[in-house]
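The structure appears below as structure tokens.
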Amino acid sequence: MSAPSLPDTSSRAVLMLPEFRAMLLAAVTSTLASRAVALTVAYQLYQITKNPLTLGILGLVEAIPALSLALLGGVVADRNDRRRILLTTMSVEVICAGGFALYAPHAATTGIWPILALIFTLGVARGFSDPALPAFQAQVVPRELLLRASAWRSSAWQAAAIIGPALGGVLYASVGAAGAYVFAFVLFLVSLAAVMIVKPKPRPKFTPGEPVWDSVKVGLAFVVQRQVLVGSMALDLFSVLFGGAVALLPIFASDILAVGPVGLGVLVAAPSVGALVIMLYATKHPPGRNAGRTLLLAVAGFGVCMVTFGLSRNFALSVAALIFAGVFDGISMVIRSATLQLKAPDHMRGRVNAVSGMFIGASNELGAFESGVAAKLLGTARSVWLGGIVTLVVVAVTAYLAPELRAMDLTDVAED
């Protein structure tokens, strides 16, 4: 009697799934559109107001509703049809992109508040779509292919995140703000159509009549009680919070490395290039075995790169440090994404992803603020290399306090 054949878990196998390809197309087009819109809105508002504070307000207007609604969005994703949630939020994005296009020619004369209102609306939509999207994506792919799928999604997202702002800049220069918004409108429509191709999936199990706040507390408790989840989230939070240097790159380009705006462009692109390369590699060789140890080493490598970048006065060395920082961050991103999908049961994925989204949002928003304060108090270069040392300390503490994370293995696809 012949032994049963093992399921095909190759990179080709996941790409052969029509619904996965549709979700990948939706992710790419949506990310391209949202990044192009973000750049176009920021540039247009600055051209109108000539006030740098406007750019800070712009970020808060979208971040506040997105972060404040995340936990509620997680509960909604765990109680309802996630496909329907995504179709609703993507329809909101289409409407907002159309609103930007219609209002763009009149913004200079009638004010920026309608644009800010549209950005706020997009933030509200994000509060519900961010927890629902990864939870729905996990329902589209068989469990044994989640590692491959996670690597492909991370690679596609990273590529779109790099190309999106550049696309927005080219469109703004060639066809103006209104033309850029129209192009984003079309991309959002494509994304919406791609999700429509995917068949509805079963609604998650939930306790009927359970109060929303009780559901939120259950989700938080689930994350806190599992070292692999709270440990991976904490690593991301503190590494970005203390080890990030993106907000300070203009100072390095201008005052420390003296490479000007062209050099600044290279510095900004370097981490993304490194991340994209390693994510594409992960589509063929996903980090399954010893994933916990690999995650800890990747975050430690990121900290070493930040120390090197902070101490460097050579442009080539600084670029290399940022590229490798992107490589290590890409590794940790792939592992964290797979961990969220493999280590949370289906009926909890919305809430778990909501908590993760809050960690990421807090690290990004607070990280830029922390970088500015630290640079003011300690000096720009010193704040970066000290932040890298703090990241190494965080890794050591996490490895000691979370032995389950240290021993995590993602090759076992059986549900925990």
Which FRET efficiency value, to the nearest 0.05, is calculated for Gln47 and Leu311 with the Förster distance at 35 angstrom and r the Cβ-Cβ distance?
0.40
Length gain on complete extension for the stretch Val175 to Arg382, per 0.36 nm per residue less the alpha carbon to alpha carbon distance?
70.2 nm
Of all the accessible heavy-atom surface of the chain, with the other protein chains kept in place and a 1.4 Å probe, what percent is carbon and sulfur?
70 percent
Extending each Cα 7 Å along its Cβ direction at Asn290 and Arg21, get the distance between those two points in nm, one decimal.
3.7 nm
Against the globular-protein guess of 2.2 N^0.38 Å, express the Cα radius of gyration of the range 256-367 as a ratio, rounded to two decimals.
1.22
Mean accessible area per residue over the range 140-248 (1.4 angstrom probe, all protein chains present, square angstrom) is 44 Å²
I'd like to compare 295-301, 39-45, 192-198, 266-272: which one has the highest average count of other Cβ atoms within 10 Å, and what's the full order after that?
295-301, 39-45, 266-272, 192-198
Counting other C-beta atoms within 10 Å, and keeping those with at most 15, which DSSP coil trypsin sites (Lys or Arg not before Pro) do you find in the range 33-136?
Lys50
Scattering from the C-alpha atoms of the chain alone, worked out with Debye: what is log10 I(q)/I(0) at q = 0.08 1/Å?
-0.44
So if I restrict to the alpha-carbon atoms in the range 284-341, what is the Rg, and what is Dmax, the biggest pairwise distance, in Å?
12.9, 41
Mean Kyte-Doolittle of at least 1.0 plus a Cα span of 27 Å or more along the axis: flag which DSSP H helices in the chain meet both, please.
146-197, 260-284, 291-311, 315-342, 380-401
Select from Ser254, Ser318, Ser129 the residue whose mean-square fluctuation is largest in a Gaussian network model of the chain (Cα-Cα springs shorter than 10 Å).
Ser254
For the chain, the count of lysine pairs 8 or more apart or interchain whose alpha-carbon atoms are under 20 Å apart comes to 4
Given a 1.4 Å probe, the accessible area of the range 258-347 per residue, as a whole number of Å², is 40 Å²
Tell me, what is the FRET efficiency for Ala269 and Arg84 to the nearest 0.05, using R0 = 35 angstrom and their Cβ-Cβ distance as r?
0.40
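The values are calculated or read from the model by the stated rules, or taken from the named source; none is laboratory data. Model, not experiment: these values are computed from the prediction. Reconstructed Cβ throughout: ideal geometry from the backbone, glycine too, with neighbour counts over all protein chains shown. These accessible areas exclude ligands, DNA and RNA; they are computed on the full protein's heavy atoms, side chains included. Shrake-Rupley method; radii C 1.70, N 1.55, O 1.52, S 1.80 Å.
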